[in-house]
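The values are calculated or read from the model by the stated rules, or taken from the named source; none is laboratory data. Remember, it's a predicted structure, so these values are computed and weren't measured experimentally. In this analysis, Cβ positions are derived from the backbone assuming ideal geometry, glycine residues included, and neighbour counts consider all displayed protein chains. These area figures cover heavy atoms from the full protein model, side chains too; ligands, DNA and RNA do not enter into them. Shrake-Rupley method; radii C 1.70, N 1.55, O 1.52, S 1.80 Å.
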Amino acid sequence: MKKIVLFFALLALCNLNAQKRPKLVIGIVVDQMKMEYLYRFQDDFSTNGFKRLMNDGYVFSNTHFNYMPTYTGPGHASIYTGTTPSVHGIVGNDWFNRSTGKDIYCTEDENVKTLGDGDSKEGEMSPKNLQSTTITDELKLATNFKGKVIGLSLKDRGAILPAGHFANWAFWYSKTGSFISSTFYGSKLPDWVTTFNNEKHYATYLNQNWNLLKPIETYNESLPDDNPYEGKLYGAKTPTFPYNLKEMYEKNDAGVLRSTPFGNNILADFAMKAIESEALGKDEITDFLTISFSSTDYVGHVLGPRSMELQDTYLRLDQTLVELLNYLDKNVGKDNYLLFLTADHAGAENVSYLKDNKYNVKNISPREIVANLKKFSNETYGTDLILNYSNFNLFFDKGKMKTSNLELTKVKSDFKSYLLQQDYVKRVYTEEDILASTGNDFYLNFINKGYDVAQNGDLVILDKPGFIEYPSTGTSHGTPYSYDTHVPLIFYGWNIPKGETADRKVITEIAPTLSQKLKIPFTNGTEAEVLLEILDIK
Ligand SMILES: [Zn+2]
């Protein structure tokens, strides 16, 4: 009898130890996903995809990005570092570098080579521009590098930034249809990746038409299939179904797959292969897999938030999630994985659509903005002082200013007055305004958190709400307004209670919450605000 009791006590102890951490953490980012899509498309979702996460997980329905600019690179970096561009340094997808006079791409690295695609430049990437640690880095350190970390996405930046500095691998999709990587991670692609690439999964997807998944009446949450607010995908004659993918592919390259829902499918296929081949979640040491689904962003940019194409992309992603969750249940075990789903930014309404419905907003062309700024400079000082305008940042030519005996403070204040007279401008902030920000000015606070002194401009422009610097079809993002900041956040699985809160949360709370869940150190740049709702100790 005593022996039996002892046996069960030991068993309980083992289980207790086993439950200290999940076997696998899966971070899912859906590129450009607005919170409202979870509600708008809810009736058309299955019960086992998004709805399973919503019903059985914990929903933070009022989660926001807390800085500007709300772009993909900064978004992924902020989710995983638990801090904002002012600290982690990813201040855009690309940004102007004053010392070289050229643009920096967020994950570019000229010191590494492509793995898996010959001489292509698509793999010359690494996390070297990311200045702070990620939650995945901290897991690596906490497990003496025994926990595996792998990052996957259709986009290089969507794979590299989440996986951090110590990742085993990051893989992204290339325009030849392969998943590639760089010599930053290893000297050759793992065999399973080469095998997957040789199977040419992309060809299977591109050999079909893209038709609506469900009967057209299902799509009554969207505008009619043919509407003037949609752009055309890769030379399609009309923005309508069915899309002939084979033709799109033959006229371009396998990169077109990204702009269809099947880009998400091939990524999920690859993710399941990664779990199997790398034995993720198999032993007691926690592994971390990051997956960023970006077809939603490509489709959103071209066709806009109210297109049937976008709705169809979400309905298909819902099915992909069903498949992925079933796979995890079976291969990692229902109670052994902790999953979260969020987005790297949301997106605006199409401006022409708003205008046609009598809201007085407009599209602005960055090229026109620059031309007008140069004109103002020439008229005021007899010389062009504009070095660069990008990501709402204006850079002045300080060398020219010196030779023309112009004071930087005076120039800034002249441009500020000029800009404030423009119909699209809400506010203009100088570097001094931004650095002196006390937190009382709501939008200045967003700009402050997105501003890295060493890398940002002399002035930052805040456009009016509803105005976007983008062409008239499709949509974009980048602002601190709620349509760009409000994203889904759901935690699900290992030690996550069911529930929902509408308390305002910010994106930088994800990483420190994971630190507390996993009992590992915080990422080094975080303010360590946590989501108490899902922690065991309240
Ligand atoms: Zn994005």
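Between E432 and K410, the simple label model (points 7 Å from Cα in the Cβ direction) yields a spacing of 1.4 nm.
Rounded to a whole number, what % of the accessible area of the stretch 455-530 do carbon and sulfur atoms account for, probe 1.4 Å? Before the final figure, lay out each step's value.
Numbers: 1190 of 2480 Å².
Looking at the stretch 455-530 in its full context, I get 48 percent from C and S.
Quantify, in whole percent, the carbon and sulfur part of the accessible surface of the stretch 172-287 (1.4 Å probe; protein heavy atoms only). All intermediate terms of the calculation are to be shown ahead of the outcome.
Details: 2580 of 5180 Å².
The nonpolar share, carbon plus sulfur, comes to 50 percent.
Per residue, how much accessible area does the chain show when a 1.4 Å probe rolls over the protein heavy atoms, in square angstrom? Intermediate values should be presented prior to the final figure.
On the way: 21590 Å² over 538 residues.
Per residue, the chain has an accessible area of 40 Å².
Here the chain is assigned +1 on the Cβ of each Lys and Arg and -1 on the Cβ of each Asp and Glu. Its dipole about the Cα centre then comes out at about 800 debye.
Annotation: extensible slack from T240 through M272 equals 8.3 nm (criterion: 0.36 nm per residue apart, minus Cα-Cα distance).
Against the chain, whose longest principal axis comes from its Cα atoms, helix 308-328 is set at around 30 degrees.
Calculate the FRET efficiency for N207 and S120 from the Cβ-Cβ distance with a Förster distance of 25 Å, rounded to the nearest 0.05. Given R0 = 25 Å and the Cβ-Cβ separation, E is 0.60. If you plug the beta carbon distance of S46 and K374 into 1/(1 + (r/R0)^6) with R0 = 56 Å, you get a FRET efficiency near 0.55. Just so you know, the Rg over Rh for the stretch 159-216 is 1.13, from Cα atoms, with Rh as the Kirkwood radius.
Please report, as a whole percent, how much of the solvent-accessible surface of the stretch 354-437 comes from carbon and sulfur atoms (probe radius 1.4 Å).
The computed percentage sits at 48.
Partner aspartates and glutamates whose Cα lies under 12 Å from the Cα of K519, excluding those fewer than 8 positions away in the same chain, are identified as E138, D536.
Counting only lysines at least 8 places from K362 when in the same chain, those with an alpha carbon closer than 23 Å to its own are K34, K232, K374, K375, K416, K426, K464.
Put simply, when 237-248, 340-351 are sorted by average Cβ atoms within 10 angstrom per residue, most first, you get 340-351, 237-248. The protection proxy used here, the mean number of other Cβ atoms lying within 10 Å of each residue, ranks peptides 425-438, 170-183 as follows, highest first: 170-183, 425-438.
Summarising the label geometry, the points placed 7 Å from Cα in the beta-carbon direction at D536 and E110 lie 5.1 nm from one another. Across the stretch 189-242 the C-alpha pair distances fall into 10 Å bins from zero in the proportions 18, 34, 24, 18, 6 percent.
What the Kirkwood sum gives for the chain is a hydrodynamic radius of 24.3 Å, with every pair of different alpha carbons counted. Counting only alpha carbon atoms, the long axis of helix 72-81 and the longest principal axis of the chain meet at about 50°.
What the phi angles of the stretch 183-196 give under the Karplus curve with 6.51, -1.76 and 1.60, with θ = phi - 60°, is a coupling list of 5, 4, 9, x, 9, 8, 4, x, 4, 5, 6, 4, 4, 4 Hz, glycine and proline written as x.
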